[in-house]
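Visitor: One structure, as structure tokens, below. Some questions next.
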Amino acid sequence: MFKTALLSVSDKRGIVQFAKELSELNIEIISTGGTAKLLKDFGIRVVEVSEYTGFPEIMGGRVKTLHPLIHGGILARRDNPEDLETMEKFSIKPIDIVTVNLYPFEETIKETNITLDEAIENIDIGGPTLLRAAAKNYKYVLVLVDPDDYQSVIEDIKKGEISEEKRLQLAKKVFEHLSKYDRAVADYFESKILKEEFKRDWIIPLKLISFLRYGENPHQKAALYSNNETPSLCDAEIIQGKEMSFNNYLDTHSAVLLASEFDEPVCVIVKHNNPCGVAIGESIFDAYKKAFECDPVSAFGGIIAFNREVDSGTAQEIVNIFYEVIVAPDFEKEALEIFNKKKNLRLIRFPSLKDKIRPAGFDFKRILGGFIVQHWDTLEDEFASVKVVTKRYPTEKEWRALKFAWKVCKHVKSNAVVYAKEDRTVGLGIGQTSRVFSAKIGALHALSSLKDTVVASDGFFPFRDNIDVLAQNGVTAVIQPGGSVRDQEVIDAANQYGIAMVFTGIRHFRH
């Protein structure tokens, strides 16, 4: 039934065992370059493509398998008299199994400082042609692009039957793989031409990473997909704990982006996709203590992100409370031993947290029947255009607090009002339909005095009533976008109370 197989793979996972089993079934193996060498090193009988075709590999390996003996053997229809006559005339043998995966283009372009020429050399030509030919002729040729399919195919060959449904499934997987590969190449070329422009047509290449326990709620199914961008939480290493849930990923994403705003050691505690405590300190132990004290009740069952390695002292403090996820650039060995006592606690090693994270690509949000797409909310200098609009200027201490509060406010659901000191949040007003409601709720959440705190607002204050609330709570300085038709009314109110106010000219709504 199966007499000849062509093997040419970039991803060598499982290929040696697969080839051994094919050989034991008396299936002749044709192979190329590195794959042929690897198989020979393991004592597997291989006919190299150049030997099979009588034509050498040329142009530095660019031309290897593009030959009638190869493609005729793949594309020939075994029940077509004309095809069979042509095969006999030109001594073309049928090739029954094609196992190919492609040059690692996507992995190559992830590398920093990759040149256009280097990227181009990793565009596969022969591989896609082989796969496309074999998939087109799936009724007669088994085509494999995924090493995870090797074992099941071997089992089916041994049984002596492979259903047409399975052949079609393998062919479908090939075309999905090729579509994703071609899209990656096209996107890379487009990035060299259009830079940040929006595309007329958008194909998003998504790869299934894992199925999740469930979605936002237990009755919703969910899965994790990667689109080959970097940095990526899909690449983060889960080193302990239960599998991640849909909500875990959402909350971890929010915590990571907020933590990466800071150069200082920072601790971010997130609950229901909003921060409930954020603090910086001399160490992450110090930062964690302050962040936790902001709202210990909400912190329970939350997600923690650090931008420094987690030490044993911090770990010992953390395990006293129930958390879902801890994400950090790394963990000390002693810290891992302490966390190991909490078997269900998820630990995620994400080295990108050591640096300022700038998300790649675009921010997509799903709507009925489509997507809305925007640039990520990132700016090189958040404070380049700040303007003091009141009679009183902020003190140095207030400036530090205002900048801290503004970074946090950017990651709080609108309407957002953040009460803070220079190193920690004190009260958070989150997601209200009225900004004055957020101002009041943020004050209610505060567990320590609001006297001499500052406030950041993600959008402008539309009326002076917001300033009245802040003044009553002891706020001394405010940072906000400005731009309301009643700005002067709000400025006059701040001057009345002796509050320093800064306009950024930048809004940070987050829906």
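Visitor: Within segment 443-480, count every residue that is touching an Asp or Glu at 6+ places or on another chain (Cβ under 8 Å), more than 21 Å from N274 (Cα to Cα) and surrounded by fewer than 21 Cβ atoms within 10 Å (Cβ to Cβ).
Guide: The number of residues fulfilling the criteria is 3.
Visitor: Out of everything in segment 28-47 that is within 21 Å of R132 (Cα to Cα), of a type outside the set (S, T, Y) and in contact with a helix residue (DSSP H, G or I) (Cβ under 7 Å, 6 or more places away or on another chain), what residue ends up being surrounded by the fewest Cβ atoms within 10 Å (Cβ to Cβ)?
Guide: The first filter runs over segment 28-47 and keeps only residues within 21 Å of R132 (Cα to Cα), leaving 29-33, 35.
Restricting the remaining residues to those that are of a type outside the set (S, T, Y) gives 29-30, 33.
Cutting the leftovers down to in contact with a helix residue (DSSP H, G or I) (Cβ under 7 Å, 6 or more places away or on another chain) gives us 29-30.
Details: I29: 22, I30: 25.
It comes out as I29.
Visitor: Another question, if that's okay. Looking for whichever is among the charged types (D, E, K, R), within 22 Å of W406 (Cβ to Cβ) and touching a residue at least 24 places away in the same chain (Cβ under 8 Å) here; the options are E293, E324. Which one fits?
Guide: Working: E324 fails: within 22 Å of W406 (Cβ to Cβ).
Criteria check complete, one pass: E293.
Visitor: Residue by residue through segment 482-507, note down the ones that are closer than 23 Å to A446 by Cβ and surrounded by 15 or more Cβ atoms within 10 Å (Cβ to Cβ).
Guide: Once the filter is applied, which keeps residues that are closer than 23 Å to A446 by Cβ and surrounded by 15 or more Cβ atoms within 10 Å (Cβ to Cβ), segment 482-507 yields V490, A493, A494, Y497, I499, A500, M501, V502.
Visitor: Write out, first by first residue and then by second, each pair whose Cβ atoms fall under 8 Å of each other, whose residues are 6+ apart or on separate chains, and whose first residue, in segment 163-181, is farther than 25 Å from N227 by Cα while the second is at pLDDT 90 or above and loosely packed, with under 13 Cβ neighbours inside 10 Å.
Guide: Once the first residue is farther than 25 Å from N227 by Cα and sits in segment 163-181, its partners that are at pLDDT 90 or above and loosely packed, with under 13 Cβ neighbours inside 10 Å give E164/K139; R167/K139.
Visitor: If you take just the helices (runs of 4 or more DSSP H) that sit entirely in segment 432-497, which of them hold at least 2 residues that are touching a Lys or Arg at 6+ places or on another chain (Cβ under 9 Å) and among the acidic types (D, E)? Walk me through how you get there before you give the answer.
Guide: Details: elements: 435-445, 465-472, 487-497.
Hits in segment 432-497: 487-497.
Visitor: While we're on this one: Can you spot a residue in segment 301-322 that is assigned by TED's automatic domain parsing to the domain that holds M244, under 27 Å from T230 (Cβ atoms), assigned to a loop (DSSP other than H, G, I, E, B) and acidic (D, E)?
Guide: yes
Visitor: For segment 305-320, does any single residue satisfy the condition of being in contact (Cβ under 8 Å) with a residue 60 or more places away in the chain and of a type outside the set (D, E, K, R)?
Guide: no
Visitor: Right, here's the next one. Give me the residue from segment 67-96 that is touching a Leu at 6+ places or on another chain (Cβ under 9 Å) and under 30 Å from E121 (Cα atoms) and, out of that set, surrounded by the fewest Cβ atoms within 10 Å (Cβ to Cβ).
Guide: H71
Visitor: Can you name the condition, by its number, that G361 falls short on among (1) closer than 19 Å to P231 by Cα; (2) surrounded by fewer than 12 Cβ atoms within 10 Å (Cβ to Cβ)?
Guide: With (1) closer than 19 Å to P231 by Cα; (2) surrounded by fewer than 12 Cβ atoms within 10 Å (Cβ to Cβ) applied to G361, the lone miss is (2).
Visitor: Among the residues of segment 309-322, is there at least one that is more than 23 Å from M244 (Cβ to Cβ) and either buried (at least 24 other Cβ atoms within 10 Å of the Cβ) or touching a strand residue (DSSP E or B) at 6+ places or on another chain (Cβ under 8 Å) (or both)?
Guide: No, segment 309-322 contains no residue that is more than 23 Å from M244 (Cβ to Cβ) and either buried (at least 24 other Cβ atoms within 10 Å of the Cβ) or touching a strand residue (DSSP E or B) at 6+ places or on another chain (Cβ under 8 Å) (or both).
Visitor: Return yes when D487 is touching a strand residue (DSSP E or B) at 6+ places or on another chain (Cβ under 9 Å) and not assigned by TED's automatic domain parsing to the domain that holds S254 and no when it is not.
Guide: On the way: touching a strand residue (DSSP E or B) at 6+ places or on another chain (Cβ under 9 Å): yes; not assigned by TED's automatic domain parsing to the domain that holds S254: yes.
The answer is yes for D487.
Visitor: While we're looking at this one, here's another question. Checking F509 against (1) under 24 Å from P275 (Cβ atoms); (2) in contact with a helix residue (DSSP H, G or I) (Cβ under 6 Å, 6 or more places away or on another chain): exactly one of these is not met. Which one?
Guide: Only one criterion is unmet by F509, namely (2).
Visitor: Identify, from the list K391, K365, the residue that is more than 30 Å from I284 (Cα to Cα), in the same structural domain as A493 (by TED's automatic domain parsing) and over 14 Å from the mean Cα position of the chain (by Cα).
Guide: K391
The values are calculated or read from the model by the stated rules, or taken from the named source; none is laboratory data. Only a predicted model underlies this, so the values are computations on that prediction, with no experimental measurement involved. Cβ: placed from backbone, ideal geometry, glycine included. Neighbour counts: every protein chain shown.
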